[in-house]
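Here is the structure we will look at.
Any read-out appearing in this document is the output of simple, stated calculations on the displayed coordinates, not a laboratory observation. It should be emphasised that the depicted structure is a prediction, and the values quoted were computed from it without experimental measurement. No Cβ is skipped: glycine too gets one built from the backbone with ideal geometry, and neighbour counts run over all protein chains shown.
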Amino acid sequence: MQLRYVILYVPDVPATMDFYARAFGLERAVLHESGSFGEMVTGATKLCFSAIALMEAIGKQVAKTPPALPSFELAFETEDVAAALARALAAGATLVQGVEEMDWGQTTAYVRAPEGTLVEICTPVTG
């Protein structure tokens, strides 16, 4: 098996895709003409967004608001966490944790995307 894609349920797919493009430099791969589903170019595993309204229309019950204490996060690797953090904040992300050096040699920072997803910005794990 291979993890092919991750889908986040969001209120506004085009606006969410625009944020991820501006904040993290991701390229849009697909946006359905209805605006209810989209994919970003992220390598072998795609990051996708589906409208909450679409999920409701096809009979799936999904959370309509993000939890205050999330049970997952997205992580984007970069060599320059500080610059990536500044870009994400300028695009509208909310700061959760500034740049920190971890004991295991990784540099991390955390933001919350406008739709509520917790996003880690980090260097590759070493050692």
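From the backbone phi of the stretch 46-59, what are the Karplus-calculated ³J(HN,Hα) couplings (6.51 cos²θ - 1.76 cosθ + 1.60, θ = phi - 60°) in whole Hz, Gly and Pro given as x? Listing the rounded values in order: 8, 9, 10, 10, 10, 5, 4, 4, 5, 4, 5, 5, 9, x Hz. Peptide packing for 14-27, 60-73, 96-109 was compared via the average number of neighbouring C-beta atoms within 10 Å per residue; ordered from the highest value, the list is 14-27, 96-109, 60-73. The H on the amide N of residue 26, modeled in the peptide plane, is under 5 Å from the matching H of 21, each at least 5 residues off or on a different chain. Helical runs assigned H by DSSP (4 residues or longer) give the chain a calculated mean residue ellipticity at 222 nm of -6500 deg cm²/dmol, each run adding -39500 (n - 2.57) before division by the residue total. Using the Cβ-Cβ distance between residue 32 and residue 64 with R0 = 25 Å, the FRET efficiency computed as 1/(1 + (r/R0)^6) comes to roughly 0.75.
Other residues within the sphere of radius under 14 Å centred on the Cβ of residue 88, judged by their own Cβ, net out at -3 (K and R +1, D and E -1). Our compactness index for the chain, the C-alpha radius of gyration over the empirical 2.2 N^0.38 Å, is 1.09.
Rounded to whole numbers, the Karplus 3J(HN,Hα) couplings from phi for the stretch 96-105 are 10, 8, x, 5, 9, 8, 8, 4, 8, x Hz, using 6.51 cos²θ - 1.76 cosθ + 1.60 with θ = phi - 60°, and x at Gly and Pro.
Relative contact order of the chain: 23 percent, from C-alpha pairs under 8 Å at least 6 residues apart in sequence. The Cβ shell under 15 Å around residue 45 holds other residues with a net charge of -2, Lys and Arg each +1, Asp and Glu each -1. Its Cα centre serving as origin, the stretch 74-122 has a Cβ charge dipole (Lys and Arg +1, Asp and Glu -1) of approximately 280 debye. In terms of other Cβ atoms within 10 Å, 58, 121, 7, 52 run from fewest to most in the order 58, 7, 52, 121.
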